[in-house]
Structures are given as C-alpha cells and as structure tokens.
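The values are calculated or read from the model by the stated rules, or taken from the named source; none is laboratory data. Being a predicted model, the structure only gives us computed values, none of them experimental. So basically every Cβ, Gly included, is an ideal-geometry build from the backbone, and we count neighbours across all protein chains shown.
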Amino acid sequence: MRNKSIFMLATLMLVLAVFISACGGNNTGNNPASTSGDKQESASTGETRSFKTVKGVIDEKATFGLYELTDKNALWIFGDNAGRGGQAVYNALKLNMPKKTANSKEQTIQLSMEVLPQYDADYMFLTTYDPDKKGTALKQLKSSAVWGNLPAVKNNKVFFNDFDTYYRYDPIAITGQIDMVVDMLVEREKENKAKK
C-alpha cells in the first residue's frame with residue numbers, strides 16, 4: 001500500500017511539473033519541441049520558446065478564437081478554461097481572445113450564425129463534435145455565406161482541429177496542444193506567404 005501511494009505521489013508530481021512547464025512555469029526541463037535549451041524562459045519577460053516562435057510569426061494584436069460545431073448544428077465559442085485548446089492558446093501562449101469575449105466571464109457561449117461575425121477572430125480554430133462522422137453540420141457551415149465572408153476564412157487562417165485532441169485539458173494534453181498550435185500557425189503563415 002505504501003509503495004502504491006509513493007508511486008501515485010510521484011506520478012502526480014510529474015504531471016504537475018509538465019503542467020507548470022506548459023503554462024510558462026520556470027521549468028528548464030527538456031521539451032521535445034525545443035532544442036539546446038530553447039525552452040528556458042526569458043528572465044525579464046517569462047516568455048517560453050513556443051511563445052517567442054509564435055510572437056515572431058504573427059501580429060501581436062491578432063485575435064484567436066476557439067469554436068466548436070456540434071452534430072446538431074450548435075456553434076459555440078470557448079474561453080481559456082473550458083478545453084478546446086484554451087489553456088494552450090490563451091494561458092500558455094498568451095494569445096488574444098476575440099474582442100467580444102475578452103472581458104466575458106463565460107467560458108462557453110452558444111452562437112447563432114447571425115452573431116458569428118461579432119465573435120470572429122483573425123485566426124479561428126474549429127473542432128467538430130460529430131460522433132457518427134457524418135460531416136453534415138460542417139458541410140452546412142462551410143457552405144454558409146456568413147462563414148464564407150469571415151476574414152479568417154478569406155485569409156486562410158481557419159484551422160479544423162481534431163475534437164478528441166483538443167477536447168482534453170489535462171497537463172499532458174495542454175503541453176501537446178501548445179506545440180501543435182505553434183506548428184500550425186508557423187506552417188500556415190509560411191503557406192500564406194508563399195501564395196503571395
């Protein structure tokens with residue numbers, strides 16, 4: 001029984017260390033996405049390598065929205081503490097929420113298509129809850145004139161993310177999400193620049 005308790009305590013400490021590191025803690029441990037100590041924070045700003053990487057690629061004033069579409073055609077926007085990448089995008093990477101949600105205390109807000117433009121962002125991350133994998137709701141969303149006229153759609157700054165990957169918000173999931181978000185943003189900016 002004592003060995004099991006020690007093992008559980010050690011596991012909890014490891015998970016906590018990963019979480020602190022993912023959220024910008026002062027952990028100088030190894031990170032698979034960093035090289036030669038890049039993970040180490042700047043002493044004056046507290047910025048991680050991931051934050052610096054994104055900061056050098058995107059406009060610092062850009063907004064980032066986290067949205068979810070359900071198989072019942074319900075559209076939601078998420079805050080910084082409700083999964084869907086919020087802890088990674090807003091807390092760890094310190095990216096800006098859409099103006100309409102920046103001061104909201106609500107973590108989730110259901111949106112109609114009519115109000116979606118009021119909640120849009122320069123970069124939009126969309127997960128789709130579609131357990132039967134029909135894709136009907138997503139096809140309807142993409143064919144909507146409202147959707148097609150959003151600046152993020154027009155500027156190729158929409159990311160369709162895997163529901164299962166971004167639903168979770170445990171420390172290990174957040175750490176992985178940070179690296180995925182950074183990689184997506186960097187690659188998309190390269191792609192968009194190459195098209196110009």
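In the stretch 70-127, how many are of a type in the set (S, T, Y), farther than 21 Å from D170 by Cβ and in a strand (DSSP E or B)?
The number of residues fulfilling the criteria is 2.
Anything in the stretch 74-106 that is free of Cβ contacts under 8 Å to residues at least 40 places away in the same chain and surrounded by 15 or more Cβ atoms within 10 Å (Cβ to Cβ)? List them, or say none.
Listed by number, the residues that qualify are W76, F78, G79, D80, Y90, N96, M97, P98, K100, T101.
So, L126, is that one within 11 Å of the chain's Cα centre (by Cα) and either closer than 18 Å to K72 by Cα or surrounded by fewer than 18 Cβ atoms within 10 Å (Cβ to Cβ) (or both) or not?
When the stated conditions are applied, L126 passes them.
Evaluate the stretch 102-113: report whether one residue or more is out of contact with any helix residue (DSSP H, G or I) (no Cβ under 7 Å at 6 or more places or on another chain), among the hydrophobic types (A, V, I, L, M, F, W, C) and within 17 Å of F78 (Cβ to Cβ).
Yes; the residues of the stretch 102-113 include at least one that is out of contact with any helix residue (DSSP H, G or I) (no Cβ under 7 Å at 6 or more places or on another chain), among the hydrophobic types (A, V, I, L, M, F, W, C) and within 17 Å of F78 (Cβ to Cβ).
Have a look at P171, P151 and point out the one that is loosely packed, with under 15 Cβ neighbours inside 10 Å and of a type outside the set (V, I, T).
Only one candidate passes the filter, namely P151.
Would you pick out the residues in the stretch 165-188 that are farther than 24 Å from L116 by Cα, more than 13 Å from the chain's Cα centre (by Cα) and part of a helix (DSSP H, G or I)?
Listed by number, the residues that qualify are P171, I172, V186, E187.
Does any residue of the stretch 86-98 turn out to be in contact with a Ser or Thr (Cβ under 6 Å, 6 or more places away or on another chain) and either modelled with pLDDT of 95 or more or not β-branched (V, I, T) (or both)?
Among the residues of the stretch 86-98, at least one is in contact with a Ser or Thr (Cβ under 6 Å, 6 or more places away or on another chain) and either modelled with pLDDT of 95 or more or not β-branched (V, I, T) (or both), which makes the answer yes.
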